[in-house]
Structures are given as C-alpha cells and as structure tokens.
Amino acid sequence: MNNSFLIRNSGSISRFITHIILIGVCFIWMYPFLWMVSSSFKTDAEFFENGLSIIPNSFNMSNIIRAWETANFSQYFLNTFIITFSVVLIVLASTSACGYALGRFSFPGKKVIYVLLVCSMFIPLEFSIIPIVALINALGLSNTMIGVILAESGGGHVMLVLMFASYFAQIPKEMEESATMDGCGFLRTFVHVMLPLAKPIIGSAVIMQVIFTWNSFLLPLILTLSNPSIRPLSVGLYAFKGENVVDWTGIAAGATISVLPVIIIFIVLQKYFVEGISGAVKG
Amino acid sequence: MANANITAGKQQTSSLRKKRNRYIMFWCWLFVLPNIILFTLFQAWPIVTSWYYAMSDWSGLSSQIEFVGLANFQELINDKYFWNAYKNVFIFTFGSVPFQLMLGLLFAVILNNPKLKFASIYRTLIFLPVITSASIIGIVMGFIWSTDGGVNYLLMQLGILDVPIDFLGSMKWAMPTVIMVSVWMSTGINMIFWLAGLQGIPKELYEAAYIDGAGHFKTFFSITLPLLIPIGAVILLFNVAFSLRVFDLIKTLTDGGPFFATDVVSTYIYSAAFAGEIGQPRMGYGSAAGVFFGFTIIFLMLIIQYLRSKAKANRYV
Amino acid sequence: MKKKWLGLTVSLLSLIVFLFACNSNNETIKETGNANEGAQEENDEDGITLRVMDWSDSTRYLREEFHEQFMEKYPEVTNIEYTTLTQQQFTDTILNAIRSGDAPDIFPVPLGFSLPVLVDDGWFQPLEPIVEDGFFDIFREGTFQEGINMVDETIYSIPQQTAQPTAMVFYNKELFEKAGLDPEQPPKTYEEFREYARKITEAGNGEFYGLIEGGKQSNRFKFAIQEWGSLNGAGLADNSPVSKLTGEAPYHTEAVTDIFDLFAGLADDGSIHPRTSSLTAPEARQIFANGEAGFIIQGAWNIGVWNANNPELDYGMMTPPVSDDGRQGSIDSVAQGGFGVYAETDHPDLAAKYLEELYGGDFYQHKVVENQHNYSPVAGVIEEAATGEFLEFYELFNEILVHGPVPESENPDVTKALGEYVDVTPSAAEIMQGVAISGLRDYEPMLQDLSEQTDAALEKAITEAQDKGADVGMEDFIFPDWDPMKNYKK
C-alpha cells in the first residue's frame, strides 16, 4: 500500500503521529544539551537552585564573555581548527586506504593485520600516555604543532578501518573493473572511483574523529607545556574546572561555545550520511 | 603443437596473473602501511610498554621500576574487587550494547526516509548527547535521577512508584541507571553509523520489493537487515569494545560507586594506578589489570571464533 | 543527475581548496610557531620566563597580582607562566614534564607521593643553598616536617598553609531555627548530632535535609573517619596506616565503629540529602549554601567562597561531635608538601627569590589570609590578618588540633617501609560511602577484615623494606608515650 519506505500517502495522520513521537523523543534526547546552553546564562546559585529548569531567570552574558576570555578562545580556536583539520585529513587518508586494501583484496599478511587491529581494540590504554609523550619527545617534536597533530592522529583507528573495509567489500566488482578497463591504475581507481562512493563512511568517520580530537585534553596539554601559543581550545577550557573552585556556569558557557562548531560540521556533513551509492551509480 | 600452444598460453596467463598479483600486493601493502605505522608507534608500542609496567612494582612517578615478574597478576586474580569490576563491565556491556544498537538502527531507518520532513533536524537533535560535555551530563543526570528529580516525579505521577528511588545511590539501581544513560548517550553515534551503512543498499532493491507488494516490515527484514549485516558486525564490535573500556561516563556519574556497584575495569585501573592513600599509587598493578583484562577478552574472542569455524566446518561435512 | 555530479565536483574542489588552505595555514602556523620560539629565545637574552604550576585555583587572582609585583621588582623576569590544574591533572602533567626534562621551575609535591622518593629521583633541589640565610625563620614552629617537607633534615618544600582539619562541621542557622533548634547551641555528641539532623529533615519536609556531603568523592568520608575517629581515640593520621597509639589498625574498634554507627543512623533516619550520592564536594558546598541542608562536613576553604558568593547564608561552625564519654583524642594534622624548586631549573636563584617574595613579602600571605583562603604558615600573619569567621574557625579548630608524632622524623627509614606499603581495598572511606549512601549495614565484619588486612599489609611492607636493608620495625609506628590530647614531645 505504501510506496515509500515509511510514510507517504497513507495520510497525514500517521505522518502527524510520527512527528509527535519524534518531537517527544528529541526533547528527551536534547534536554541536557538545552540545560547546558541555558546554564551558560545562569548565575552559580541558580545553576543548582533552579534545578531542572531550562529557562534562565535572566540572560546574562557574563559567563559567555568570561569563557571566551579565559579559554583564550580567539587564539585557541584557530589552533584547534588546524589541529582537528590536519588530524582528520591524516586519519581519513590512512584509514580509507587501509580499509580499501583490506576490504577488497586478499594479499599475504592481511589476516595478521586484521587480527592485530581487532585485538588491540580490547586493550585499555586510556591511561598510558607516557610512551606516546616519550615518543614525541624522542622525535624532537614536543612543543610543536606537528607533534600534537601526529600524537592525535596516532593509533590504529580500528573502527574506521573496519567500517571502510566492510563498506568497500560490498561495492559491486564491476565498478572497479570498468575503471581498470578505462586504464585507471590502483591509486586512481581508489581516488576517483572508490572514495567518492564511500562518502557516507567518510562523513561518519570525519564526525567521529572531529569529536575525538576536539575534546582531547591531556595529550595536547602535556605536549604544549612550554609553548602555550599552540594550545587547543580544550586545554584552555579546562581552566574552569579547578581543584577547589568550580565555575559551573563557566564550564557550561565554555562547553556551549566550543561545541557549536561541531554542530555546524555535523549539519554540513549530514547530507553525506543520506546520499547513497545508488545515486552515484545512476548519476 | 596445439597442446604446446595451450600450455604456453597457460604459462603466459599464469605469469601475467602472477605479475598482476604482485602488482596488487605491492599497492595493498603501500595502502595499509601508513595506518600500520601509526598503529605501531602509537598503539602497539604503548601496549608493549604496558606489558613491561605490568610486571613491575612502579608508582608511575619515580624512575624506580622494580621488576616483580607475575606478582601483580597473582595479586590481581586473588582480588575479588577486580572480579567484581570484571563482572560489572560485562553487565554494563550486555545491558547497553543491544539497546543502543537497536535504538540507533530504529532512528536511522526512520530518519533515512528522504520524504520525512525535518529529518535532518531530528538527526541533529538525536546526535546532541554525543557532544554534550561529560561534566555537564554528570550534573544533569544527578538531578534527573535523584529522588526529587524528573524520573521519580514521573514514575510517581504514573503510580508506578510509591516511594522515590535514589537511582544513582542505590546498589541495586545504579548499574541499570548508568546503562540507561549510556544508551541515551550512544544512540546518536550508532545512528550515524547505521545511516552510513544504509546508504550502501541500492535503492533499486527497495523499489523492486515494493512492486512485489512487500510492506515496511517485510522489506526491512528481508532486504535492509541482511544487507546491513557486514557493517552491523563492525558496529557491534565497536560498541562492545567501547563499552568494555567505558570510563568517562562512569567516572562522572558514579565514580564506580555506590560501594563498587558500578566499578568497572577502567575505574578499577584508575583507582589503583593513580589514587594512593598512604601507600603509593600503583601504575604497575593498574597496567597488569589492563593487560590481563585485554588478553582475557581476546582469548574469549578467539574461542568464540574457533567454535564458530568448527560449527561451520561441521555443517559442511 | 547533473546536479549530483555538480555537487560532487564542488565538494571535491572545496576539499582541494581546503587542503591547500590548510597547508598554507599550517605553514603560517609553523612560521608563527617559529616566530614564537624565536621570541622566546630573544626573551632569554633580555628577559626570563619563570614557569609555575599548581592546583591553587582559588587564589589564582592573588597570585597573578603577586606576579605583577614580582616582575616589577625583578625586571629581568619578563614573564611568569602560571598554570593551575586540578590536582589529578597536575599529577599526570608533572610526571610527563619531568620525564621530558621540561618541568616548571616551581611546583608543589604531588599529593599522594612521598617527598624522599621524589628527591631521590632528582625532582627537587634543596632550598637552603639558594634562599637567603634566615629565610626559614619566618615560618611558624613545626611548619617543616620530615618526610613531607624535609629529607634528612634538609628542607625541600614549603607548605602553602598550616596544618588544619578538613572535617569540621558547618551548619545553617536559619534551618536550625526552622527546626526549633537553638543556633547558638550546636550538637555536641553523636546522639545529639543525629537528633538535630533528624529534626531538620522533618522540618524540611523534602525541601531541606539534615546533612549533605560530596558523596561521590570517597575521600570526603576518609577525612570524616580519620578526624572524627581520632577525636574518639583512633590515633589515625595521614602519615601512618595504623593507630599511632597502639600500632594496630583501629577500624574494628569503637573509636571508629561509633562513627559508622552514627552515619548508618543518619542514613536510616533519611537525614542525608538524597543527592549526596551524585555530588562532588564543591557541588555539595553550593547546595548547602542554597539552604538545602542543615550540616556539612568541610574545611576552612569554604568560608571565603560562601562569604564572597553567598552573603545571605547564615552559617555557624562547630567541632565534630564526640561520644557521650567526651573527647578521647585530637585531630592529628599532618603538614602538606607545598612548593619545591625543580632540580633542573635554569634559574634557581630567581625561583628562590620567587619563594622569598611569596612567603616573605608583605603582599601575598596577608592577602591570602585577609581574603579567607588559606591559613598562612608564616608566623604572625594569621593573628594579624584573619578576621570574622575565618579567625573564629581558626581558634575553634586549634582547641582540638595537635601535632602528633611523625614516624618518619623519628626514623627516616620509615619512608622505605611506607614506600612498600600497599593500600587495602575496600578502604574505610569506601565502606562508609556504602553505609551513608546505599544502605550497606553489614559493615562490622568488613571493618574487622580491614583492620586485619591493614595490619598484615604494614607487616609485609616492613619485612620487604628490611629485606632491602632498611632499619625499620613495627616499633617505629607505635608511640605509647604520646598523650593524644597534647602535642607530641619525645
């Protein structure tokens, strides 16, 4: 009866109900976020007193201004942008290439790589940044932007590699063969034919890596210890979370302004999640 | 003559194939190399060093590292609080992963519909918890789940509860509550992955199914789901690995409490490796816990893999 | 279809443009980075940067003012790079900084680490050779303790404040009145404390409760057990795992179980604020200030915060309650590590000047006391500058505070035994967390267990230290000649 996948001509009632449910769910889902945004306008006492309310008593901008200044926003934002951008680029290039080779070809050593990567996923390493810092120091890259970028790009990125691999694996063989027929080499086939097909994965990979890099704190802090001019935003924002005095509304304001760019990136990238390969094939 | 020709031709094709194979192998290795280098330097190497730490008595600060062999591991397997953390992390994983996978898929399927208005707005809103700051989530959730918070209010209004429950403070409820918060937090990122996976399914297949008169559910189960299995396996693996290593969420919500009810392996490691009271912190012991945990998981996976391949082999015999 | 190709081309193009933009960005940054380095090198020629790092965020504004004054007085210092972190971040950061040979010039001993081990490891340098003669005479008597500030009687670090209790009690006078209690007559015994809390909770009827704590942090409970227990004769302090009176872990004795019984009772009465389980200490402090709880167990640093942010809060202060038999001991407060000078610093002389000005100058110590942040370790400053509640609190806790024996100063080899000591899990604090928050009532056998395991752990540590040649024994942890109501004198 219905021609499209979920709702189409079956009348405005079911469409209406879908929207009502979605709006309800979305409210629950975004509530803490709204609370965070509204807290950036609250006073410290109100932050706790006014409990669950998401409408501040008054809109005072002092928290936002304080966050902007304390976090050195104008300076650190550029650093964050450069670091995140470079890291995403490096990670995307290395994982998509790796995923392509693993997903579409069989070659000696492939199994070993798979096993090593998957196994490494299960070993908790959150607390051992010592070897990483030592490595960056040994390379003579401490207190440089390149050192930060390299350390942030480091790792096997198993999740992304596997996602690329499984995605590439299911793309029909003909795509590649016709490209080979046209005289494309390995590299060109990958760049011109396969990568454009993987846009949905690229989109989600970018989002994931952006979030990760954007929020990373301890590693960049330690790597920029004697060169504050290259620190990213996350390090600046942490100035709010003190040992004895916690500036909650400052944290909320800082988190709010620092998360806005990520939301924008998400909105911009969204179309990649919903743009299927069939479209590309037909186009 | 003819025979010779054929063999010559075969030789030619086989040598061609060999050449082609070598060509592909070369490129494949070139392609995996950057990631392997990043992996070796920044992941494999730290794992190797954590092995070394695990076999030492080391506070993490001083340069005095005393080699103690397997003593840390011996102490570890005799500590019932380690096994408590071990058990908890599995409860957490099995409790949260199925729900966040299914909810993520549900949202993805609904919001993948190009004809649904405002889908992109809904997607953005569902995604928001993923990027909301952890310390904020800790405070908001403390409010929402407290005895005078929103959840209790709702449940009492609906007549489900007579007396409010201190969800995060009760040993019985803390873990389920943490699981619910985790599901809420992770659904967004799972939705993104599923959405990416859904794009790999050619639209023609749906069109064909509708022409055959298949309904939503039938299309979903006969087309969407089977085609999602390969990428679904990756998403599942990721969720399991991520949940087994959960740290931030527990640290901000309960810090492993009340009385170890939500203590998981990573919080166990944290309190061993960083928080000494009168004794020194024990980085070595913490590393041992991490190494032991990681390797038992890998061992479990290998057993599962072995059993699966055995089952498969049996089927073909 | 064409649109799609167009879109694809555009996005690819923009990617390429982005890529180049990024490259050039990277280069410019590299250049500015280099320029910065160059600037720093230049700085080295005609100016010096001192780097200071700690977790004293509440006094940051005063430190910054102090830095301005310092640079005026010592113009060769053109920049003081001051970083405040949380205590945990500080520990992580300093460790990596030391390993890369790039630590700040001045930083405090990280909490939970033993100074002798760090000195042995080349972290800090002795202060006597670099500061002016007589500098240490300005401090109050007993400021420097062996094993904490001194190694082999050489001073390595200067505490930021005098020893003080961290588990005193503040109460909300307004809520006392609402519950029909006399705000000038705070409870004295455990029984009264429980009774007061219950009455406040009843009067609150869901609006406010008897007691609030930062229950997510188990260390808050640790302080309560240690200090309230010691007032009850437990002989506990941070410098020994066992009672210094008996040489045995006291957790199963009445001195400690009384405290557990009290908290179990408070929890049974519903007197503990329901959000306690999910709060950190600063959050609990704010909620107390909002008038949601009658009591909070805290220390002096709250006074300045409340007076500045919550002037409407009418609070009183009291010493912790004791058993019906009265006080059996004192709070035995141990000094804090405090600031040391990095062993590898390029500017030991200026680092020394920094410390001399910080402690000896007219500005900082007075301001810190006047603004109600810290009790200065410099002699005479508290008496001069403390006012109001801050002075009242100081006088109040001095009634119950003594300097107990310091095992490490009696025998320096005690350090080696403590270095081998491994904490027992679950700690008393963790058990208390279960009791106060989640209805754990089977705590007596757990405390019994804890005592036994603690004794065993100390014994093991001593044996291990002896095996390594340390001259240390169980007798170094027992001080039978100490009257816990008085300062320890040999």
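The numbers here are math on the coordinates, done by the rules we state, and not lab data. Remember, it's a predicted structure, so these values are computed and weren't measured experimentally. When we count neighbours, we look across all protein chains shown, and the Cβ atoms used for this are built from the backbone with ideal geometry, even at glycine.
Give the Rg (one decimal place) followed by the Dmax (whole number) of chain C, computed from C-alpha coordinates and expressed in Å.
My reading of the Cα-based Rg and Dmax gives 26.3, 94 Å.
Any idea what % of Cα-Cα pairs in segment B:20-112 are farther than 17 Å?
Of the Cα pairs, 75 percent sit more than 17 Å apart.
Per the Debye formula with a single identical scatterer at each Cα and no solvent contribution, what log10 I(q)/I(0) holds for the protein assembly as shown at q = 0.04 Å⁻¹?
The Cα Debye sum returns log10 ratios of -0.23.
Calculate the length of the line joining the C-alpha centroid of segment A:251-271 to that of segment C:50-113, in whole Å.
Using only Cα atoms to place each centre, the spacing works out to 32 Å.
Going by average Cβ density within 10 Å per residue, which order do the peptides C:175-181, B:201-207 take, highest to lowest?
C:175-181, B:201-207
Across segment C:130-228, how large is the tail of the calculated P(r) beyond 20 Å, expressed as a percent of all Cα pairs?
Distances greater than 20 Å cover 58 percent of the Cα pairs.
In peptide B:16-29, what is the residue-averaged number of other protein chain Cβ atoms found within 10 Å of each Cβ?
Per residue, the average neighbour count from other chains is 4.
As an exercise, use a Förster radius of 30 Å and the Cβ-Cβ distance of B:Lys203 and A:Leu260 to find the FRET efficiency, rounded to the nearest 0.05.
Once rounded, the FRET efficiency stands at 0.30.
Output wanted: per-residue J couplings in Hz (rounded whole) for segment C:428-433, from phi through Karplus 6.51 cos²θ - 1.76 cosθ + 1.60, θ = phi - 60°, x for Gly and Pro.
4, 5, 5, 5, 4, 4
If segment C:362-417 were replaced by its equivalent ellipsoid, with semi-axes equal to the square roots of 5 times the Cα gyration tensor eigenvalues, what would those be, largest first, whole Å?
30, 15, 8
Bin all alpha-carbon pair distances of chain B at 10 Å intervals from 0 and give each bin's fraction as a whole percent.
Bins of 10 Å from zero give 5, 17, 23, 24, 17, 9, 4, 2, 1, 0 percent of pairs.
Based only on Cα atoms, what mean projected area does the convex hull of segment A:73-282 have, in nm²?
If I average the Cα hull's projected area over directions, I get 14.4 nm².
Are there GluC sites (Glu not before Pro) in segment C:351-455 that DSSP puts in a loop and that have at most 12 other Cβ atoms within 10 Å, and which ones?
C:Glu399
Could you state the principal axis extents of the C-alpha atoms in segment B:134-237, from the largest down, to the nearest angstrom?
Extents along the principal axes: 54, 31, 22 Å.
For segment C:328-461, list log₁₀ I(q)/I(0) at each q in 0.10, 0.12, 0.17, 0.22 Å⁻¹, using the Debye formula over Cα point scatterers of equal strength and ignoring solvent, two decimals each.
These q points yield log10 I(q)/I(0) values of -0.63, -0.85, -1.11, -1.22.
List the lysines whose Cα sits under 16 Å from the Cα of B:Lys218, skipping any in the same chain fewer than 8 residues away.
Of all the lysines, those that pass the test against B:Lys218 - Cα under 16 Å, at least 8 places apart if same chain - are B:Lys203.
In whole angstrom, note down how far apart the Cα centers of segment B:149-224 and segment B:26-65 are.
37 Å
Going by C-beta contacts inside 10 Å, put C:Asp54, C:Asp92 in order with the fewest on the left.
Listed from fewest to most nearby Cβ atoms, that is C:Asp92, C:Asp54.
Among C:Ala249, C:Gln88, C:Ala179, whose Cα sits farthest toward the positive end of the charge dipole of chain C (+1 at Cβ of Lys/Arg, -1 at Cβ of Asp/Glu, about the Cα centre)?
Most positive-ward Cα: C:Ala179.
If you project the alpha carbons of segment B:202-317 onto the principal axes, what extent comes out on each, in Å, largest first?
So the three principal-axis extents are 73, 41, 23 Å.
Please quote Rg/Rh for segment C:224-333 to two decimal places, taking the Kirkwood radius as Rh and restricting both calculations to Cα atoms.
1.01
Whole Å is fine, so just give me how far the alpha carbon centre of segment B:252-317 lies from that of segment C:418-490.
Going from one Cα centre to the other spans 29 Å.
Give the residue list of trypsin sites (Lys or Arg not before Pro) in segment C:366-458 that are DSSP loop and have at most 16 other beta-carbon atoms within 10 angstrom.
Sparse-neighbourhood loop trypsin sites (Lys or Arg not before Pro): C:Arg441.
Of the lysine pairs in chain A, how many meet both conditions: Cα atoms under 30 Å apart, and a spacing of 8 or more in sequence or different chains?
Count of close lysine pairs: 11.
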